[in-house]
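**Q** This is the structure I want to talk about, given as structure tokens.
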Amino acid sequence: MPFPETGRSLLALIILASVLTVPSEISSAHAVTTGVVCIEDPGVPLVNSPACRYGPPSLTGPTPNTTQLSPTQIKIGVFIENSSALSGFDITLSADHTMLQPSSIDLVGSVLPPTIKIVLECVGGKAPPPIISMCPPTDTADTLELAATSQTLTPAPATGLLFNAVYNITSSSSSSGITVGFQKGCTNTSVSDGTCVTITNGTIQPNPETVQTGNFNNALPPPWVSVSAASTSAGPVFPGRDNGNFTLTFTPQNGWPQPGGCGFVSLCQVYLSWVTSSPDVGVCCLNPATFTLNASKPVSITLSVYTVPPYTGVFFVTIFGEYSTFFFPDPNTLVVGTLVAPITLKLIVNDYYLQIQPVGPVTFPSGHTASRVLSIGSVKLFYGSPDFTGNVTVSTRVVSPVAGLNITYNGTSSVTVKVPAGGVANITMSFSSVTSAQYTVQPKGMVGTYYKTATFPVIVQDFKVSSNNVTFSPSTPGTSTVTLSSLPASNANGYSGSIILTGTASSTNLGISCNNPPNLAAGGTTTTTCSFTSSTIGTYKATVKATSADGLFSHSTTLTITVAQTQNQTLFFNGVTFQVASSLVNDTSTKSLVGTVRVTATNSTTGMTIFSKNYSLNVTFPSSNQIVPAGHTLRFVLVASSLKDGIICSTNPASAPSIQCFATYNPDVFGLGQINIIDAGGIALAYGSTPGSPHWNPYFDFDLDGYIGITDVGIVFANYGAPVIS
């Protein structure tokens, strides 16, 4: 993580103003066209200021120490100054790897335009994984090479950071230190002596450059910072649900942060960043990401490491605490370093799974049972670590529909099983239901509050049978359509097969014969017919029983069979011709008139049909104490609602099912479903009126004579209480 420029500049101003003198021969570098590629501490150069004119830097860092388990790293900047415009570079650094071991490169803040592409990266003579490439013969264990390019040129003159080289500090130097410079032995470079520094500009001729090396010396270690953790390993945990929690402690060492203390906060700041071993690993809540470390006062930072489901295995996160150090080994020498305290954390993630065996829908007949094996298995880890083992408590919920299906494990609603490492535990699920449907079932295995689920369908199969009531005359047989429907409907796993029909009647006066239907397809419907014959007028009950060929299912439907006398009447009213066709029977068991009446209305002039409807009748004869005319006459009104007309019919027990009807306006003038006191009051108010009178209502003029008189009143009162069938 790079320092903010304000912090870098402040540090540079303090150091440079105190001890450095600019050499005159370098201060005039802007007068020449050859640029300089130099080694420098990336914490020193100022923004838009020369990077290489202060002379070879003296770099330092701590010696290996047991308080810092991973070697402290040092960032060494490779800068360019006063060069012609450039579009890329190929630079090979060289330093004694027994002291500075090449680790990585960092292009953050590079002077190259943003469209940077790494052409070659070789660290210690090898390409870092997962890159697969051959490194040049000039690369060794001492070298770090980076070749990078961009699609555009930098402005000229070009001055700034090319890249940072990161090294592990692995030993102590002699009092004279070691050189951090550039490898030799390359050809066609920017430096005439074969130094491996090539600055490209988009042509075959590289920019001319000179080089300036640096010195690393830690014979006298500087103030520094160590990082430690109570534990660098966490887990096993579950993916995406649990975190590995760590506490890191950053501790001042060797008199940190001499000299001057933390008068300037930026001199004591530590900047945190991290890298992970996999893109499926995340770090949560580093707080703060930048903090101030005072002398003799450690700072503890908490963080969590987690993985994205479903990945399991052993994962690593390396946390970097970057800071700057400097001190004066003598009054005329400044030693600096941009250092990194790294620590690597390990997270172990494992998991388990649930799966129904065999895979696929569970199907069984309604009223029966089924069973399946549910496997709870330990997930084989992707990156190698102990496989999951432990107790898993399994229960099941039915997602939809939520009622109608019963699921048990050996008779109980839940069970706990031990899953062996890398193995599988099997348990038996039992299903039962008397309600046909497709259910969505979700077994759930829990370990603590963490759970895994498996979802699959359970189809309870069945079929249903229905039929329509039949009315016919003694001279003509009647036919009912019997419909059989597979359940669940429209489901490829619904019931399918052949079905056998049998019919029984409530009386020997009724004959019944049923045709077996075609095979019923899964999720579909099929139809057949049952025929009825009788020479005796009356109302009968018939039962049609449907039985599956395998005998697992049997369902019945009951229908009403009406054997009735058919009557036809033609009525005329208000320019409309009404055809009334009735098939009725007097049902003595219920003291009611049942059957059908069909009314067809046509224009008396044009013959165009304007209304047609079948009325199903089931009206009860009045009892003797009702206020109706003598003889217990049954009256009812069939409403042709779109015409505001009605067919008023009457019959009595002695003559039923013969009826007499006439057409007129609907006497239920106010649409209340019965001729009642409201209608009686309405016609009483309109009595004696003619068109234009204040109380005239044309719909009470039942005889169409233009006068509401006693005939109209008689129609209302004669049919008082009659049901209106619309």
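The values are calculated or read from the model by the stated rules, or taken from the named source; none is laboratory data. Treat the numbers as computed from the prediction; the structure is a model and nothing was measured. Don't worry about glycine lacking a Cβ; one is built from the backbone with ideal geometry, like all the others, and counts go over all protein chains shown.
**Q** Is it the case that P474 is over 26 Å from V394 (Cβ atoms) and surrounded by fewer than 16 Cβ atoms within 10 Å (Cβ to Cβ)? Can you show your working first?
**A** On the way: over 26 Å from V394 (Cβ atoms): yes; surrounded by fewer than 16 Cβ atoms within 10 Å (Cβ to Cβ): yes.
Yes: the conditions hold for P474.
**Q** Give me the pairs: first residue in region 469-493 and more than 15 Å from T528 (Cβ to Cβ), second residue of a type in the set (K, R), beta-carbon distance under 7 Å, and six or more apart or on different chains, which are they?
**A** Listed by first residue and then by second, the contacts come to L487/K464.
**Q** From V441, V458, V392, V415, grab the single residue that is at pLDDT 95 or above, more than 28 Å from the chain's Cα centre (by Cα), surrounded by 15 or more Cβ atoms within 10 Å (Cβ to Cβ) and in a strand (DSSP E or B). It would help to see each step written out before you state the result.
**A** On the way: V441 fails: more than 28 Å from the chain's Cα centre (by Cα); V458 fails: more than 28 Å from the chain's Cα centre (by Cα); V392 fails: more than 28 Å from the chain's Cα centre (by Cα).
After ruling out the rest, the residue left standing is V415.
**Q** Mind counting the residues in region 302-312 that are surrounded by 20 or more Cβ atoms within 10 Å (Cβ to Cβ) and under 13 Å from P279 (Cα atoms)?
**A** Applying the first criterion (surrounded by 20 or more Cβ atoms within 10 Å (Cβ to Cβ)) to region 302-312 yields 303, 305-307, 312.
Filter once more, so that each one left must be under 13 Å from P279 (Cα atoms): 305-307, 312.
Count: 4.
**Q** Follow-up. Quick check on T504: is it modelled with pLDDT of 95 or more and among the β-branched types (V, I, T)?
**A** Yes; evaluated as a whole, the condition is true for this residue.
**Q** Okay, next question. How many residues are over 15 Å from P252 (Cα atoms) and not in a strand (DSSP E or B) if we restrict to region 286-315? Talk me through it step by step, then tell me what you get.
**A** Pass one, region 286-315, residues over 15 Å from P252 (Cα atoms): 286-290, 302-315.
Then keep just the ones that are not in a strand (DSSP E or B); that gives 286-289, 308-312.
Residues meeting the conditions: 9.
**Q** Is it true that some residue in region 319-331 is at pLDDT 90 or above, surrounded by fewer than 16 Cβ atoms within 10 Å (Cβ to Cβ) and either assigned to a strand (DSSP E or B) or of a type in the set (A, V, I, L, M) (or both)?
**A** No; the residues of region 319-331 include none that is at pLDDT 90 or above, surrounded by fewer than 16 Cβ atoms within 10 Å (Cβ to Cβ) and either assigned to a strand (DSSP E or B) or of a type in the set (A, V, I, L, M) (or both).
**Q** Could you go through region 261-269 and let me know if any residue there is touching a strand residue (DSSP E or B) at 6+ places or on another chain (Cβ under 6 Å), more than 22 Å from S173 (Cβ to Cβ) and surrounded by fewer than 19 Cβ atoms within 10 Å (Cβ to Cβ).
**A** yes
**Q** Among (1) of a type outside the set (D, E); (2) closer than 28 Å to T633 by Cβ; (3) touching a Phe, Trp or Tyr at 6+ places or on another chain (Cβ under 7 Å), which single condition is T588 missing?
**A** (3)
**Q** With assigned to a loop (DSSP other than H, G, I, E, B), hydrophobic (A, V, I, L, M, F, W, C) and in contact (Cβ under 8 Å) with a residue 24 or more places away in the chain as the only criterion, which of L220, L267 stands out?
**A** Working: L267 fails: assigned to a loop (DSSP other than H, G, I, E, B).
Just a single option satisfies the conditions, and that option is L220.
**Q** Which of (1) within 30 Å of T312 (Cβ to Cβ); (2) of a type outside the set (K, R); (3) free of Cβ contacts under 8 Å to residues at least 24 places away in the same chain is the odd one out, the single condition I204 does not satisfy?
**A** The number of the failed condition is (1).
**Q** Further question: Return the residues of region 129-169 that are hydrophobic (A, V, I, L, M, F, W, C), under 44 Å from the mean Cα position of the chain (by Cα) and in a loop (DSSP other than H, G, I, E, B); say none if nothing qualifies.
**A** Correct list: I131, I132.
**Q** Among the residues of region 242-250, is there at least one that is assigned to a loop (DSSP other than H, G, I, E, B) and in the same structural domain as F320 (by TED's automatic domain parsing)?
**A** So the first thing to find is which residues in region 242-250 are assigned to a loop (DSSP other than H, G, I, E, B), and the list is 242-243.
Right, trim to in the same structural domain as F320 (by TED's automatic domain parsing) and you get 242-243.
Yes, there is a match, as at least one residue in region 242-250 is assigned to a loop (DSSP other than H, G, I, E, B) and in the same structural domain as F320 (by TED's automatic domain parsing).
**Q** Here's something else I'd like to know. Looking at this structure, is G524 farther than 23 Å from D550 by Cβ, touching a Ser or Thr at 6+ places or on another chain (Cβ under 6 Å), small (G, A, S) and free of Cβ contacts under 8 Å to residues at least 60 places away in the same chain?
**A** Numbers: farther than 23 Å from D550 by Cβ: no; touching a Ser or Thr at 6+ places or on another chain (Cβ under 6 Å): yes; small (G, A, S): yes; free of Cβ contacts under 8 Å to residues at least 60 places away in the same chain: yes.
No; evaluated as a whole, the condition is false for this residue.
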